[in-house]
1. Testing the spin-label approximation: label points 7 Å from Cα along Cα→Cβ at SER71 and LYS124. State their distance in nm.
2. What list of ³J(HN,Hα) couplings, whole Hz, do you get for the range 124-138 from phi and the Karplus terms 6.51, -1.76, 1.60, once you set θ to phi - 60° and write x for glycine and proline?
3. Between TRP81 and residues 5 or more places away or on another chain, which pairs have amide H atoms under 5 Å apart, with H built 1.01 Å from N, and which residues are they?
4. Taking amide H atoms as placed 1.01 Å from N in the peptide plane, list the residues 5 or more away in sequence, or in a different chain, whose amide H sits under 5 Å from that of ILE107.
5. Please report the net charge: other residues with Cβ closer than 12 Å to the Cβ of LYS22, K and R +1, D and E -1.
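All of the numbers you see were taken from the coordinates with simple rules; none came from a lab. In this text the structure is predicted, and so the values were computed from the model without any measurement. Every residue, glycine as well, gets a Cβ built from its backbone with ideal geometry; the counts of neighbours run over all protein chains shown.
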Amino acid sequence: MPYSHLLVAVAPTPESHALLKKAVAIARPENARLSLITLSTDPEMYNQLAAPMMESLRELMQEETRQFLQSLADAADYPIWKSQIASGELCDHVKAFCQNHQVDLVICGNHNQSFFSRATCSAKNIVGNSGVDVLLVTL
């Protein structure tokens with residue numbers, strides 16, 4: 001089945017390059033759009049005294065995430081249509097992105113530790129709620 005727009009859930013790990021390579025292999029024959037989504041780490045705010053310091057840390061983490069997405073896009077050898085940094089529940093952001101941008105395939109990978117420990121819980125919800133085909137790739 002040909003797909004016209006793929007959304008790839010990535011994490012700031014080396015495995016994401018392999019996941020994106022698989023996505024490009026699916027997208028290229030059909031000249032499909034390819035988009036990226038990732039979760040941003042949000043530092044906890046323990047109290048109001050730490051809030052100014054935490055805001056600087058949040059900005060730094062957002063910038064690192066943007067740089068990571070740009071490095072993926074640069075290495076993809078395929079145009080990336082849109083990149084999104086999300087925080088909170090991955091499932092909700094994937095569902096909204098699919099609805100708003102006519103995505104017909106979501107690709108997720110097993111990234112272990114921080115990302116996939118959160119995404120594993122979301123994977124079942126993504127499959128059940130995204131309304132599109134989902135490909136889970138073991139990395």
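1. The answer from the label model is 3.4 nm.
2. My calculation for the range 124-138 gives 4, 5, 4, 4, x, 10, 5, x, 9, 5, 10, 10, 9, 10, 7 Hz in order.
3. LEU34, SER35
4. So ILE107 has HN proximity to LEU7, VAL8, ALA9, LEU135.
5. Values: positive: LYS21, ARG28; negative: GLU15.
Computed value for this residue: +1.
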